[in-house]
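The values are calculated or read from the model by the stated rules, or taken from the named source; none is laboratory data. Computed from a prediction, not measured in an experiment: that's the story for all the values here. FYI the Cβ positions are ideal-geometry reconstructions off the backbone, even for glycines, and counts take in every protein chain you see. Just so you know, the surface numbers come from the protein's heavy atoms only, side chains and all, with ligands and any DNA or RNA stripped out. Shrake-Rupley method; radii C 1.70, N 1.55, O 1.52, S 1.80 Å.
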Amino acid sequence: MMRTRPLKVALLGCGVVGSEVARIMTTHADDLAARIGAPVELAGVAVRRPSKVREGIDPALITTDATALVKRGDIDVVIEVIGGIEPARTLITTAFEHGASVVSANKALLAEDGAALHAAAEQHGRDLYYEAAVAGAIPLVRPLRESLAGDKVNRVLGIVNGTTNFILDKMDTSGAGYSEALDEATALGYAEADPTADVEGFDAAAKAAILAGIAFHTRVRIGDVHREGITEVTAADIASARRMGCTVKLLAICERAADGQSVTARVHPAMIPLSHPLASVREAYNAVFIEAEAAGQLMFYGPGAGGAPTASAVLGDLVAVCRNKLNEAPGPGESAYTRLPVSPMGDVVTRYHISLDVADKPGVLAQVATVFAEQGVSIDTVRQQSRNSSSGDEAGIEQGGGEASLVVVTHRAPDAALSGTVEALRKLDTVRGVASIMRVEGE
Ligand SMILES: NC(=O)C1=CN([C@@H]2O[C@H](COP(=O)(O)OP(=O)(O)OC[C@H]3O[C@@H](n4cnc5c(N)ncnc54)[C@H](O)[C@@H]3O)[C@@H](O)[C@H]2O)C=CC1
Ligand SMILES: N[C@@H](CC=O)C(=O)O
Ligand code: NA
């Protein structure tokens, strides 16, 4: 039976995501009420710029005092789509103290302080839901927290940042410049308020921390995640990847060690074969593979950023939290019973694609190969292109007299050994420079 008294919702932030949440709450009010079993009413909207015209929102609901809104005492659910650490953190904990459950899209905060927020929610008997925080519209948090709760997840690998995928895709397929592609992603509402979070990999690292935590039932914070962004990926890297039958993607990879005693979490650009399903993930779409012991391999794919897709995830959480409210039974809290250590990047076993500028003379290849052998890194392929070749075609190794570009792809080796190899290569007189280093995944 439908309850007539509405559940009251406070919306904190009315930007790209918040404005879409408000729009869908209004336009789909009847459906939401039917699914929840009670009407939901937008009881207040906290903004920074009250003079801005916000279509479809009653101006009487607008306030600049978010703290007073969450302290009102009659709010059932607070939706936090402000972003950043403060004041979002204090507003969320204040909401718990004053009777509200919380739906948040704030991956930066959850990856920094998720444990304390979960503890505060539990202490007050409230819900903390955050499906929108990881990969936008794609259901990932709920499947990991609920559907896969009876399985053992060993690996999570995927593209979890829409902005960087959009930029890399544009650079690869249309030859667009980096800045031009970033501007377009920002205009489309994909980028964070400070896009450095996207391009330097912080956003993906936050999502990797959240995913690793819920997948492996352990605590992983953003600082535990090895992070490299895409700012150093060049058009030459992308062209080189193409020559190898690969493309470049910013990947998040979280793995449980074979002995089950530790985990790793990393975010970095990587070359993946064009035949790999992740290679065809275009624009701001995200895709994540989850490998679980009993389930096998699962793939989740969909829009990873943007106002409406993210609002979809927020509203799904809103429905769940409202149902829990009516049933007076909070949903699942934090599951972090295993307390597994997070191993350093050096322990990760991976492959490298290294592009070197070398002197094009006899013996260089042997010198380079010796360095790899000394570090215990096995070479898979070597390709040399002579710089003074008039045709630009690949030239025979150890011939010619000028400079050459040497591209080495390794077999799998510990990341520490690969870094050591690069360090030693830089010291060779015949190596004029290390033009690019990129990991190779997905083979
Ligand atoms: N845009 C996207 O595609 C996605 C965003 N998110 C997350 O959703 C959250 C919101 O993102 P967007 O809507 O894109 O950002 P946005 O910058 O468009 O919106 C945030 C809004 O909050 C307002 N705000 C800031 N401090 C405030 C305060 N103290 N009180 C009231 N309002 C305040 C700002 O004026 C702005 O309008 C962030 O945590 C972001 O990481 C998550 C998934 C996707
Ligand atoms: N800036 C983020 C937004 C969604 O989480 C992204 O580009 O993925
Ligand atoms: Na999601």
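Just a few scattered comments:
- Karplus (6.51, -1.76, 1.60) ³J(HN,Hα), θ = phi - 60°, over the stretch 300-309, in Hz, Gly and Pro reported as x: 10, 9, x, x, x, 7, x, x, 5, x
- Helical runs (DSSP H, four residues minimum) scored at -39500 (n - 2.57) apiece and divided by the length of the chain put the mean residue ellipticity at 222 nm at -10000 deg cm²/dmol.
- 1.4 Å probe accessible area per residue over the chain, in Å²: 42 Å²
- The stretch 111-140 residues near the modelled Arg339 label - backbone nitrogen below 15 Å, point 7 Å along Cα→Cβ: none
- Net length gained if the chain between Ala369 and Ala435 were fully extended (0.36 nm per residue, minus Cα distance): 22.0 nm
- Each residue, Asp31 and Thr63, gets one label point 7 Å from its Cα in the Cβ direction; the gap between the two is 3.0 nm.
- Once the chain from Asp259 to Ala295 is taken as fully extended at 0.36 nm per residue, the excess over their C-alpha distance is 11.0 nm.
- Between amide H atoms placed 1.01 Å from N, distances below 5 Å from Gly433 occur with Asp357, all of them 5 or more places distant or on a separate chain.
- Accessible-area composition of the chain, carbon plus sulfur, in percent [1.4 Å probe]: 49 percent
- Environment charge of Arg221, counting only residues whose C-beta is closer than 9 Å and scoring Lys/Arg +1, Asp/Glu -1: -2
- Here the simple spin-label model places points 7 Å from the Cα toward Cβ, and for Ser147 and Asp183 these points are separated by 4.0 nm.
- Label positions at Asn327 and Arg383, each projected 7 Å from the Cα along the C-beta direction, are separated by 5.5 nm.
- For the stretch 27-32, 3J(HN,Hα) computed residue by residue from phi via the Karplus equation (6.51, -1.76, 1.60; θ = phi - 60°) reads 6, 10, 4, 5, 5, 4 Hz, glycine and proline entered as x.
- Note, ³J(HN,Hα) from phi for the stretch 261-268, Karplus 6.51, -1.76, 1.60, rounded to Hz, x at Gly and Pro: 8, 7, 9, 10, 9, 8, 9, 6
- Grouping the Cα pair distances of the stretch 259-355 into 10 Å bins from zero gives a pair-distance distribution of 10, 25, 36, 23, 5, 1 percent in increasing distance order.
- Scanning residues 5 or more positions from Val40 or on other chains, those with amide H under 5 Å from its amide H are Leu7, Ala33, with H placed 1.01 Å from N in the peptide plane.
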